[in-house]
Amino acid sequence: CRQSPQKDEL
Amino acid sequence: MNIFRFAGDMTHLISILVLLLKIYATKSCSGISLKTQELYALVFLTRYLDLFTDFISVYNTIMKLVFIASSLAIVWCMRMHRVVRRSYDKEIDTFRHYFLILASFLLAVLVHEKFTFQEIFWAFSIYLEALAILPQLVLLQRSGNVDNLTGQYVFFLGAYRAFYILNWIYRYFTEQHFSRWIACLSGIVQTALYADFFYYYFISWKNNAKLQLPA
């Protein structure tokens with residue numbers, strides 16, 4: 001998995 | 001947000017509601033591991049430190065608050081409630097959950113995205129969540145018989161993890177950036193822990209029989 005900018009998951 | 005992520009959040013929410021319903025309706029927490037519930041409370045408290053620093057959406061903020069409040073309420077009930085705490089299976093809920101906390105913390109110190117207070121606790125919460133179900137699974141195995149609501153609770157909790165994996169696969173193909181590898185790997189480990197439970201859950205469902213786990 002590549003990096004996502006925000007931690008938008010719970 | 002995609003449908004898998006939403007389904008995951010909803011099955012997570014349902015699992016918590018089922019657990020609260022069981023405790024409220026039967027005034028009993030038999031078959032429920034206090035160790036697992038304490039670990040979840042710790043998971044939510046350490047993961048959602050970003051409540052104070054990052055705003056993502058009203059949905060996210062509300063869900064975070066619901067998860068923190070419900071997990072603390074469950075721990076409070078099992079420890080403090082005059083009637084409920086009497087039904088707690090203390091003598092078979094003996095998993096040494098402190099080791100899980102220690103191991104997750106050490107791993108978070110070694111493997112994290114950034115060496116900051118918040119990032120280390122975020123990684124810690126991800127690792128701990130992956131392992132937090134273990135005391136519950138061990139308790140069910142030891143007690144053998146699983147009552148209906150407890151079985152549903154663990155089932156929905158497992159379904160939540162399965163939907164999150166579908167969500168990551170979906171995001172992998174639809175977005176430029178994907179979920180984080182720390183969360184992905186831990187999520188796969190976490191879901192794998194449910195495999196055995198799911199197997200017996202489906203057998204009992206297929207035979208229309210009470211859920212029983214082999215000793």
* Distance from the stretch B:22-40 to the stretch B:179-215 (C-alpha centre basis), Å -> 19 Å
* Within the stretch B:81-117, trypsin sites (Lys or Arg not before Pro) in DSSP loop having at most 12 other beta-carbon neighbours inside 10 Å -> B:ARG82, B:LYS90, B:ARG96, B:LYS114
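What are the membrane-span-like helices in chain B by this rule: whole DSSP H runs, Cα extent along the axis at least 30 Å, mean Kyte-Doolittle hydropathy at least 0.0? Please list the in-between numbers first.
On the way: long enough: B:3-26 (33 Å, 1.39); B:58-80 (32 Å, 1.39); B:148-174 (38 Å, 0.38).
Passing helices, by number: B:3-26, B:58-80, B:148-174.
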* Structure fact -> Listing B:CYS77, B:CYS29, B:CYS184 by rising number of other beta-carbon atoms within 10 angstrom, fewest first, gives B:CYS184, B:CYS77, B:CYS29
* Positive end of the charge dipole of the stretch B:73-176 (Lys, Arg +1 and Asp, Glu -1 on Cβ, about the Cα centre): tell me which of B:LEU139, B:ALA103, B:GLN118 has its Cα farthest that way. => B:LEU139
* To do: Give me B:LEU110, B:LEU139 ranked fewest to most by other Cβ atoms within 10 Å of their Cβ, as a rough exposure proxy.
  => B:LEU110, B:LEU139
* Asked: Around B:TYR48, with a cut-off of 11 angstrom between Cβ atoms, what is the net charge of the other residues, counting Lys and Arg +1 and Asp and Glu -1?
  -> +1
* What chymotrypsin sites (Phe, Trp or Tyr not before Pro) in the stretch B:1-76 are in a loop by DSSP, with at most 13 other Cβ atoms within 10 Å of the Cβ? -> B:PHE55
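Taking neighbour Cβ counts within 10 Å as the exposure measure, how do B:ASP196, B:ASP93 sort from fewest upward?
If I rank by nearby Cβ atoms, fewest first, I get B:ASP196, B:ASP93.
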* Structure fact -> If each K or R counts +1 and each D or E counts -1, the residues other than B:SER28 whose Cβ falls under 12 Å of its Cβ total +2
* **For the protein assembly as shown: span of alpha carbons on each principal axis (Å, largest first)** => 46, 38, 32
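Each value in this text was obtained by applying a stated rule to the coordinates, not by laboratory testing. Every value quoted in this text rests on a predicted model; they were computed, and no experiment measured them. Cβ: placed from backbone, ideal geometry, glycine included. Neighbour counts: every protein chain shown.
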